[in-house]
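The values are calculated or read from the model by the stated rules, or taken from the named source; none is laboratory data. Keep in mind the model is a prediction, meaning the values are calculated, not measured. Heads up, the Cβs are rebuilt from the backbone with ideal geometry, glycines too, and the neighbour counts pull from every protein chain shown.
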Amino acid sequence: MRYVPLRFVKSGMVLGQDIYDGAGRLLLAKHLLLNDEYLNSLEVLGFPGVYIDDEYSEDVEIREVIRPEVKREALSIISKMFVEEEDTFPGGIDVVVSKIVDNVLDNADVMCNMLDIKKYDDYTYFHSVNVGILAAMVGAKMGLLKDQLMDLTTAGLLHDVGKKFVPVEILNSSEKLTDEEMEIIRSHPRLGADFIREKYAFSSYVNQGILQHHEWFDGNGYPLGRRGEEIPVYARIISLVDVYDALTSTRPYRSALPNSEAVEFIMGSGGSQFDPVVVDAFIHKIAIYPLGSQVELSDGRQAIVVKNDSKMILRPVVRVMGTRTDLDLANDPEARNITILKIII
Ligand SMILES: [Fe+2]
């Protein structure tokens, strides 16, 4: 299986992974033979790329930390929560949170190979679910216990629930926001924390995680302007994975950053925007060059990433495009001078 940006996907390619929308509904199933009609729909729906299976990548298995059905269940709950008119909360969030945490703990040795397959319009739901999952992975790496991971994941899934009260024109605006609009956006952590506190009986850690997810480690964030360890650890984790997932997503006002550049930004912001301890846990969990991604090598060839090692994150094993030749960038003597220039997205 490999990831192909939509503009390079051709009729006749075989889908390697189910595709679903932001409500968790299946749109196209794995093994489907793609044709022009499907490709048009994918483009209209705003998918930036898909996983496909072909003879060069059929043996590249991408072990997922979270089972697809758990992810779909989480999407379904979160999307209902955002669109429901009255302030009722769909049941089952505890159940899905517990499944996410169990999957994360069972797959503690698996690195996260996240590539953007979000449907553009449903960004908020995909983003919320990704933040919950990534937060759980980073929290587990930092040694948090299961109960703590449950609260952390709940806060991650719900961190932006306050955006439910912000007009969608402001949220999706591609224009520069006015000061007043900016203030409205910046009210979402408090609106979300108030909403959750009034309606539901989560622990205060969940509320604090939501309230403080835009605080900065150096004190330059909002709404409280807290710094360092005054900010609860859940909020410090959510703030980092929130920015990472947002940077690697296509938004109305900019295109997605390649994974490697987003990770570089996160690393460069340790100590200012982010807690360096959280940054350290994060970079041990996230694949800079995700499995199945297409990369350009310094010798001009293109290749697919087929194996990652958390100790050699910049030098994975790659397969030269269109061949069965694998290059181990960490260990092959003849690959010593070859570097990865960029991921193709
Ligand atoms: Fe937010």
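What the table below lists for this structure:
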item: First in the stretch 266-287 and surrounded by fewer than 18 Cβ atoms within 10 Å (Cβ to Cβ), second anywhere and part of a strand (DSSP E or B), Cβ under 7 Å, 6 or more apart; result: 276/270
item: Any chance residue 260 is polar (S, T, N, Q), within 14 Å of the ligand (Cβ to nearest atom) and not in a loop (DSSP other than H, G, I, E, B); result: no
item: Looking only at the stretch 155-201, and only at residues there that are more than 16 Å from the ligand (Cβ to nearest atom) and assigned to a helix (DSSP H, G or I), the one that is surrounded by the most Cβ atoms within 10 Å (Cβ to Cβ); result: 197
item: Verdict on residue 328 being in contact with a helix residue (DSSP H, G or I) (Cβ under 8 Å, 6 or more places away or on another chain), charged (D, E, K, R) and not assigned by TED's automatic domain parsing to the domain that holds residue 136; result: yes
item: Qualifying residue in the stretch 218-233 (condition: out of contact with any Asp or Glu (no Cβ under 7 Å at 6 or more places or on another chain) and either modelled with pLDDT under 95 or polar (S, T, N, Q) (or both)); result: yes
item: Residue among 307, 285 that is in contact with a Cys (Cβ under 7 Å, 6 or more places away or on another chain) and farther than 18 Å from residue 49 by Cβ; result: 285
item: When residues of the stretch 226-243 are limited to those that are within 13 Å of the ligand (Cβ to nearest atom) and either within 10 Å of the chain's Cα centre (by Cα) or of a type outside the set (S, T, N, Q) (or both), the one surrounded by the fewest Cβ atoms within 10 Å (Cβ to Cβ); result: 243
item: Elements of type strands (runs of 3 or more DSSP E) contained in the stretch 1-92, each with 1 or more residues being under 25 Å from residue 109 (Cα atoms); result: 2-5, 49-53
item: Residue within the stretch 202-212 that is away from the ligand (no atom under 15 Å from the Cβ), surrounded by fewer than 16 Cβ atoms within 10 Å (Cβ to Cβ) and not aromatic (Phe, Trp, Tyr) present; result: yes
item: Test set (1) free of Cβ contacts under 8 Å to residues at least 60 places away in the same chain; (2) buried (at least 18 other Cβ atoms within 10 Å of the Cβ); (3) within 24 Å of residue 135 (Cβ to Cβ) - residue 13 fails condition number; result: (3)
item: Residue within the stretch 281-294 that is closer than 30 Å to residue 56 by Cα and assigned to a strand (DSSP E or B) present; result: yes
